[in-house]
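Heads up, the thing below is written out as structure tokens.
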Amino acid sequence: MISLRNACKNIIRSASGLTVLSVAALLAGCGNQTTVQTETEASDDLISVAFSEVGAESDWRVANSESMRSTFTTENGYEFYFEDAKGKQENQITTLRNYILQGVDYIVLAPVIETGWDEVLEEAAEAEIPVIVVDRMVDVEDETLYTAWVGSDFKKEGEMAVGWLENYLEEQGNAEGDIKILHVIGTQGSSAQLGRTAGLEEGVADHENWEIIAQVQGEFTQAKAYEEVSEILEQTKDIDVIYCENDDSAFGAIQALEEAGLTYGMDGDVIIISFDATEAGLTACLEGKINLDVECNPMHGPRVEAIIKQLEAGETPEKNHYVEESYFTPDMLTEELIESRGY
């Protein structure tokens, strides 16, 4: 007797040429409606890869999504599904259940936050669908519920930023002076936020003259960071460093500083530290607006494909795949270098 999951999978695989709405209508008869979009025509010869993305809240996230799209194409032998969770974990859980119902070959998950995944990943495991986690990690009791993880060492990124700041202050002859830091936090509970925050907080604990005067929620967006930093600047302008957990947050902080009439960057009074090193972020760094931009490489599509190829060959991939990364200061950059990076 054919299972419901396999029956629905057969519907999807026989739906080549149908519109997304037509496929969704067929799936409704399998007991669940879906809004998941397929970005290629289905074929029995294609490997189906379904990606649940956090959203499009930042340049980094857009580049990450495009890396997946450009990797998992029909020409490369894939049937690709994509869903934007709009920053909500509940949307991702619904999407994953739709992917499981469709019986895709692989699920790729970029989780909004680390916790709350045990139940839906157990469902994927019962359906024997490998789950590859990218960027942010998942915190589950049973780590066999996901096949592999690909991403950055976010705490190491924070430690690199702290190490750079320590050296920079020494070079400026201000290693012993009081340093007041405004911390613009990313999405609370995400791996990037947890790691970059830990790096900063441990660095501050190691320096008696460093102080975090406030921690505000930037949510990895320019608009929220601008709002929060503006409120702080209404209370105090005695700030030496703004530690922003991504480039978009740095742009919001810069906007707030400009409106408050404060100088920043290489020729200003406020040091700007950022993360991601997107094209826009590095351009601002080259212009001297950002003092330090720590790299976080979003081009995970080829890395995920390498894991899938291992699985298709019957091999067992390593559990964790850390991306090698560095950092950039204005003197390290050229327009040609920025353009060559591809994100």
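The values are calculated or read from the model by the stated rules, or taken from the named source; none is laboratory data. What you see is a predicted model; the values in this text were computed from it and never measured. For neighbour counting, all protein chains shown are included, and Cβ atoms are generated from backbone atoms with ideal geometry for every residue, glycine included. Quick note on the areas: whole protein, heavy atoms, side chains included, nothing else; ligands and nucleic acids left out. Shrake-Rupley method; radii C 1.70, N 1.55, O 1.52, S 1.80 Å.
Pairs needed: first member in the range 204-223, farther than 22 Å from Ala192 by Cβ; second member anywhere, modelled with pLDDT under 95; C-beta distance under 7 Å; at least 6 residues apart or different chains.
Going by the 7 Å Cβ cut-off, the qualifying pairs are Asn209/Glu176; Asn209/Gly177.
For residues in the range 290-330 being without any contact (Cβ under 8 Å) to a residue 24 or more places away in the chain and among the aliphatic types (A, V, I, L, M), which is nearest to Tyr146 (Cα to Cα)?
It comes out as Ala306.
Asn174 passes all but one of (1) of a type outside the set (Val, Ile, Thr); (2) open to solvent by 20 Å² or more (accessible area, probe 1.4 Å); (3) more than 23 Å from the chain's Cα centre (by Cα); (4) at pLDDT 95 or above; which number fails?
Only one criterion is unmet by Asn174, namely (4).
Is it true that Glu157 is in contact with a Lys or Arg (Cβ under 7 Å, 6 or more places away or on another chain), open to solvent by less than 60 Å² (accessible area, probe 1.4 Å) and part of a loop (DSSP other than H, G, I, E, B)?
On the way: in contact with a Lys or Arg (Cβ under 7 Å, 6 or more places away or on another chain): yes; open to solvent by less than 60 Å² (accessible area, probe 1.4 Å): yes; part of a loop (DSSP other than H, G, I, E, B): no.
Here the answer is no, as Glu157 does not meet what is asked.
I'm trying to understand the selection: among the residues of the range 309-320, which are touching a strand residue (DSSP E or B) at 6+ places or on another chain (Cβ under 9 Å) and either among the charged types (D, E, K, R) or at pLDDT below 95 (or both)?
Glu312, Glu318, Lys319
Please find, among Glu211, Glu201, Glu228, the residue that is among the acidic types (Asp, Glu), outside any loop (DSSP other than H, G, I, E, B), open to solvent by less than 40 Å² (accessible area, probe 1.4 Å) and closer than 23 Å to Glu157 by Cβ.
Glu228
Of the conditions (1) in contact (Cβ under 8 Å) with a residue 40 or more places away in the chain; (2) in a helix (DSSP H, G or I); (3) crowded, with 18+ Cβ neighbours inside 10 Å; (4) among the hydroxyl-bearing types (Ser, Thr, Tyr), Tyr81 fails just one. Which one is it?
The single condition Tyr81 does not satisfy is (2).
Being among the hydroxyl-bearing types (Ser, Thr, Tyr) and in contact with a His (Cβ under 9 Å, 6 or more places away or on another chain) narrows it down to one of Thr221, Thr197, Thr236, Thr144, so name that one. It would help to see each step written out before you state the result.
Numbers: Thr221 fails: in contact with a His (Cβ under 9 Å, 6 or more places away or on another chain); Thr236 fails: in contact with a His (Cβ under 9 Å, 6 or more places away or on another chain); Thr144 fails: in contact with a His (Cβ under 9 Å, 6 or more places away or on another chain).
Residue meeting the stated conditions: Thr197.
Taking the options Ala260, Ala306, name whichever one is modelled with pLDDT of 95 or more, among the small types (Gly, Ala, Ser) and open to solvent by 40 Å² or more (accessible area, probe 1.4 Å).
Ala306
Taking the conditions exactly as written (open to solvent by 20 Å² or more (accessible area, probe 1.4 Å) and touching a residue at least 24 places away in the same chain (Cβ under 8 Å)), does Glu287 satisfy them or not?
For Glu287, the condition - open to solvent by 20 Å² or more (accessible area, probe 1.4 Å) and touching a residue at least 24 places away in the same chain (Cβ under 8 Å) - is met.
Spot the failing condition for Val138; the list is (1) under 18 Å from His300 (Cβ atoms); (2) part of a loop (DSSP other than H, G, I, E, B); (3) in contact (Cβ under 8 Å) with a residue 60 or more places away in the chain, and only one is missed.
Failing condition for Val138: (3).
Considering only the range 214-223, state which residues are open to solvent by less than 50 Å² (accessible area, probe 1.4 Å) and within 19 Å of the chain's Cα centre (by Cα).
The answer is Gly218, Phe220, Thr221.
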